[in-house]
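Structure record follows, encoded as structure tokens.
The values are calculated or read from the model by the stated rules, or taken from the named source; none is laboratory data. As the structure is a prediction and not an experimental result, all values here were calculated from the model. FYI the Cβ positions are ideal-geometry reconstructions off the backbone, even for glycines, and counts take in every protein chain you see.
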Amino acid sequence: MEVSGIKHFLLGSIPQKTEKRSDVLQDFKNFILWVDEEQKKLTQLRRRILEGEDVPLHEIVLQAEKAKVALNLLIEVRNKLLEAFNDLMRMQV
């Protein structure tokens, strides 16, 4: 078995992986857009109710819970990101 030194790392001669990597910022943007979409769906249902349309009760409750869970998840993700940022800021270098 041959052991190579760190020269390969320094020269960049190690081939890069060709698989596509997910962009974290794009994923976060998609997540925020999904939460916004769930909130808009709930707003549309509320508007339909106020206009007097016949909307099934289970549809209203289900969409309200979806919007609530999505918003709570977004808030938790934001809190974790802020906590991680604060931890990084407290680190001594």
Per the filter on region 1-49, residues part of a helix (DSSP H, G or I) and at pLDDT below 55 are Lys7, His8, Phe9, Leu10, Leu11
Taking the residues in region 39-93 that are among the β-branched types (Val, Ile, Thr) and within 17 Å of Lys29 (Cα to Cα) as candidates, determine which candidate is surrounded by the most Cβ atoms within 10 Å (Cβ to Cβ).
-> Val77
When you look at Val69, is it in contact with a helix residue (DSSP H, G or I) (Cβ under 9 Å, 6 or more places away or on another chain) and either assigned to a loop (DSSP other than H, G, I, E, B) or touching a residue at least 40 places away in the same chain (Cβ under 8 Å) (or both), yes or no?
-> no
Residues that are among the acidic types (Asp, Glu) and more than 23 Å from Gln63 (Cβ to Cβ), drawn from region 23-41 | Asp23, Asp27
